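In what follows, a single structure is set out as structure tokens and then discussed.
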Amino acid sequence: MSTSDPRRPDGLSSGLLTSMTKPTPAEVTAIINPSNKRRLLITLSFPLLFLLAIPFWWYTTSIERLPLPVSRIDALANLSIPSYRGKILFTADEDAYPKSAPGRPVFENKVICQSLGKVVTDGVDVIYERKRPQKKRNWDFIYEGEDDPRNPTPFRVHIRRFQHANTSWPLEPYVQPPEKGLMTSGIKPGTLIIPVHPDQISDRNLKLHYKIAMINSILSLYPPDPPTIPLRALKYSPNITLSFVLLNEDSTEGSYVRSWEIDDAIQEHFIPHLEPLKDIFNFTIESQILYHAPLTFDPTLSDAPAIGDPQIEAALEAAREGDEDAEEVFVNSERWSLDSGSTNNPVLRFLLYVPKEKHRPMKLVGQDSPHSFLLPQFGSVYLLNPPSTQPSSGETYHLPSSALTSSFHLFTQHLYSLLAIPELYDPGKIHLPPSSSPLLPRSQLWQPISSWQIHQILESRLKENLEESKKTLIGIKRLVDKIKEMKVGKNVRDDVSGAVERLESISSAKSPLENFILSRDSVNLANKAFFDPSMMGLLYFPDEHKFAVYTPLFAPIAVPLLLGLIKEFIAWKRKRRGGSGNNDDVTDEKAEASIGVEDEKISTIGLEEESTSVGIEPSDRVLRSRSKG
């Protein structure tokens, strides 16, 4: 039975043709595997592509490091506070000196002041020479007609004949306060007054008393070195918030303060002291009332002495007092809402605390049972005890400005301490100003800040800003040197250069206010550069961290590429060592010819098998293969 397709003239089956057209494994291998030259080019394309991408990677990952003025920063270590030589205008009343005897020459007031001024300056120089280390006088006297009208000196000394002055010795110098009313002395506020009573002018030692009073008072008001800033004072900041808070311990029990005339109290007690500081500080004032401010401890009842008289016992009612150790934890920050959410500036808090009825009268343990205490760099606390007798337990109170006088007077003193403002009154040297009438007592309220105090504040804050700015700039330089990968952009470089430039501009030729403004701006620029987001050290990592990040990314790719290159290099070297001059094309043709011979052999075998299956004798048909030979 024949299995051949009758439609095919050659009589070959479809299975035989399929076996003749199906590629062999050798053909598949030859088709898939490229030539040696092409394989080498493909292998080299990967590292070539990597090399071409290096400039783009370098540009996108490079760190901008602009140069800083390192040499100028190092030179700031020798920068010191410039010595400003002030001028003090010295004047006196015409009748503040004894009249010349008949027949003796009469000197002008200016000549007498010059003679007395020479004695005072010589005495101050002797005092400074005896000090160790030696000091130098940093001021000079000028006299009437010598002051510059375009830039008058703020420092004045005046000898005044005053009927309300003290009649006993020694003289009691004071600083002239602002005067109100129709009858005024005409003396400029802030002038150092050496008062003398008319009965004292005829004293033969009057000149010596003038000398002692002037030397002591000027040494107190114009020291040779700026005063040091205590630790309790707030670090300098151009913007400061003053927060006045009235706290009721528990208003639910009644007898609490519902309102207070805070505006009038601030205007009367604080504004006169804040207005002269407008060139140094920028103050923001806020106030609030809290109706529930519990303590973190229970006040203890003090032991009352045993007294037989019941009336005396009733008069000496036992006071409830707070412990000394409890003062430090008096402010309950967790329960009291004292934070100012409107600003990020430093805040000085003045707390007026009203205890609940069963804790009154509350006092502090200490001498004379004080009602207030100061918290360093935080603020002040004053204990206000409303009247203990009230018609009903639920009575509420309104505090007028007169009821706030004592508390705000203490707040003013604490403000001086917290801002490192030197006190004007120095026992034995600077006294309270006398009252305008002997029938009126001397005012215990502190008078507004004078030009003498402003000068000391400028000098001390200038020193503080100078040291702070230098320390910050040196820290920036060390940080950049330590972290080589840290970015130093244009903003950081400009801020650092601006801070250095302002410090270099400070000189004794400028006024203390000008030097202070330069130091303030220098600190602001240095802090701005130091806290720039790009200057954070945590943003940068050492080289070991970079290797740890890049190795898992590039190692799996780099190893096959390197092995392929090494393999191709070894094959090329072997071929060159064998001296084979045939190129890759000839080799490919030989491979194709050998593949063709193998295919024809395989086809012959297939035909023999097919002829056997259909009953055709092998000897009846001869298959001839074509060879290129």
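Consider Pro173 carefully, then state whether it is out of contact with any Phe, Trp or Tyr (no Cβ under 6 Å at 6 or more places or on another chain) and open to solvent by 30 Å² or more (accessible area, probe 1.4 Å).
No.
Of everything in the stretch 25-37, what is open to solvent by 60 Å² or more (accessible area, probe 1.4 Å) and in contact with a helix residue (DSSP H, G or I) (Cβ under 9 Å, 6 or more places away or on another chain)? Give them in sequence order.
Asn33, Asn36, Lys37, listed by residue number.
For residues that are part of a loop (DSSP other than H, G, I, E, B) and in contact with a Lys or Arg (Cβ under 9 Å, 6 or more places away or on another chain), scanning just the stretch 417-450, find the one that is modelled with the lowest pLDDT. Talk me through it step by step, then tell me what you get.
From the stretch 417-450, those part of a loop (DSSP other than H, G, I, E, B) are 419-425, 427-429, 432-450; that's our starting set.
Filter again for in contact with a Lys or Arg (Cβ under 9 Å, 6 or more places away or on another chain), leaving 420, 432-435.
Working: Ala420: 93, Leu432: 87, Pro433: 86, Pro434: 78, Ser435: 72.
Across the stretch 417-450, the extreme among qualifying residues is Ser435.
Could you check how many residues of the stretch 188-218 are open to solvent by 30 Å² or more (accessible area, probe 1.4 Å) and closer than 11 Å to Val175 by Cα? Talk me through it step by step, then tell me what you get.
Step one: list which residues in the stretch 188-218 are open to solvent by 30 Å² or more (accessible area, probe 1.4 Å), which gives 188-189, 198-199, 202-205, 207-209, 211-212, 216.
Adding the requirement that they be closer than 11 Å to Val175 by Cα leaves 188-189.
So the answer is 2.
Mind checking whether some residue in the stretch 95-118 is within 23 Å of Asp199 (Cβ to Cβ) and among the acidic types (Asp, Glu)?
Yes: the stretch 95-118 contains one or more residues that are within 23 Å of Asp199 (Cβ to Cβ) and among the acidic types (Asp, Glu).
Could you list, in sequence order, all residues of the stretch 209-229 that are touching a helix residue (DSSP H, G or I) at 6+ places or on another chain (Cβ under 9 Å) and either of a type in the set (D, E, K, R) or farther than 25 Å from His273 by Cβ (or both)?
His209, Tyr210, Lys211, Ile212, Met214, Ile215, Pro224, Asp225
Within the stretch 52-71, work out how many residues are closer than 19 Å to Val496 by Cβ and loosely packed, with under 10 Cβ neighbours inside 10 Å.
Residues that pass the stated criteria total 2.
Of all residues in the stretch 128-144, how many are part of a helix (DSSP H, G or I) and more than 22 Å from Leu89 (Cβ to Cβ)?
2
From Arg160, Arg132, Arg156, which residue is over 21 Å from Leu458 (Cβ atoms), buried (at least 16 other Cβ atoms within 10 Å of the Cβ) and charged (D, E, K, R)?
When all the criteria are applied, what remains is Arg160.
Among the residues of the stretch 535-587 satisfying the criterion of being within 30 Å of Ile63 (Cα to Cα) and assigned to a loop (DSSP other than H, G, I, E, B), which is modelled with the lowest pLDDT?
Checked the stretch 535-587; the qualifying residue modelled with the lowest pLDDT is Tyr540.
Go through (1) over 30 Å from Val488 (Cα atoms); (2) out of contact with any Ser or Thr (no Cβ under 7 Å at 6 or more places or on another chain); (3) surrounded by 10 or more Cβ atoms within 10 Å (Cβ to Cβ); (4) basic (Lys, Arg) for Lys87 and report which single condition fails.
Condition (2) is where Lys87 drops out.
From Phe244, Phe297, grab the single residue that is modelled with pLDDT of 80 or more and not small (Gly, Ala, Ser). Please lay out each step first, then the result.
Values: Phe297 fails: modelled with pLDDT of 80 or more.
The match here is Phe244.
So Asp74 clears everything in (1) of a type in the set (D, E, K, R); (2) farther than 27 Å from Glu144 by Cβ; (3) open to solvent by 80 Å² or more (accessible area, probe 1.4 Å) except one condition, right? Which one?
Among (1) of a type in the set (D, E, K, R); (2) farther than 27 Å from Glu144 by Cβ; (3) open to solvent by 80 Å² or more (accessible area, probe 1.4 Å), Asp74 violates only (3).
One line per residue, one yes/no per condition, for (1) among the basic types (Lys, Arg); (2) open to solvent by less than 40 Å² (accessible area, probe 1.4 Å); (3) outside the structural domain of Asp532 (by TED's automatic domain parsing):
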{"residue": "Ser451", "(1), (2), (3)": "no, yes, yes"}
{"residue": "Leu462", "(1), (2), (3)": "no, yes, no"}
{"residue": "Asn465", "(1), (2), (3)": "no, yes, no"}
{"residue": "Lys470", "(1), (2), (3)": "yes, yes, no"}
{"residue": "Val480", "(1), (2), (3)": "no, yes, no"}
{"residue": "Val488", "(1), (2), (3)": "no, yes, no"}
{"residue": "Gly498", "(1), (2), (3)": "no, yes, no"}
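What are the pairs, 6+ residues apart or on separate chains, where a residue within the stretch 99-118 that is under 13 Å from Lys211 (Cα atoms) has its Cβ under 7 Å from a residue that is open to solvent by 90 Å² or more (accessible area, probe 1.4 Å)?
Note: pairs meeting the criteria are Leu116/Lys207.
Can you report the number of residues in the stretch 41-88 which are touching a Phe, Trp or Tyr at 6+ places or on another chain (Cβ under 8 Å) and assigned to a helix (DSSP H, G or I)? I'd like the intermediate steps shown before the answer.
Going through the stretch 41-88, the residues touching a Phe, Trp or Tyr at 6+ places or on another chain (Cβ under 8 Å) turn out to be 85-88.
This time we only want the ones that are assigned to a helix (DSSP H, G or I), so: none.
Final tally of qualifying residues: 0.
For the stretch 127-169, name all the residues that are touching a residue at least 40 places away in the same chain (Cβ under 8 Å), over 10 Å from Lys87 (Cβ atoms) and of a type in the set (Val, Ile, Thr).
Within the stretch 127-169, Ile127, Val157, Ile159 qualify.
Quick check on my filter: what residues within the stretch 190-236 are over 33 Å from the mean Cα position of the chain (by Cα) and under 30 Å from Asn345 (Cβ atoms)?
Gly190
Picking from Val70, Val28, which residue would you name as being at negative phi, touching a Lys or Arg at 6+ places or on another chain (Cβ under 7 Å) and not assigned by TED's automatic domain parsing to the domain that holds Arg161?
Val70
Could you check the stretch 101-127 and list, in sequence order, the residues that are open to solvent by 20 Å² or more (accessible area, probe 1.4 Å), among the hydrophobic types (A, V, I, L, M, F, W, C) and within 18 Å of Leu206 (Cβ to Cβ)?
Scanning the stretch 101-127 gives Ala101, Val106, Phe107, Val111, Ile112, Val119.
The values are calculated or read from the model by the stated rules, or taken from the named source; none is laboratory data. Bear in mind that the values here come from a model prediction, so they are computed numbers and not experimental data. For neighbour counting, all protein chains shown are included, and Cβ atoms are generated from backbone atoms with ideal geometry for every residue, glycine included. Surface areas here come from the heavy atoms of the whole protein model, side chains and all, with no ligands, DNA or RNA. Shrake-Rupley method; radii C 1.70, N 1.55, O 1.52, S 1.80 Å.
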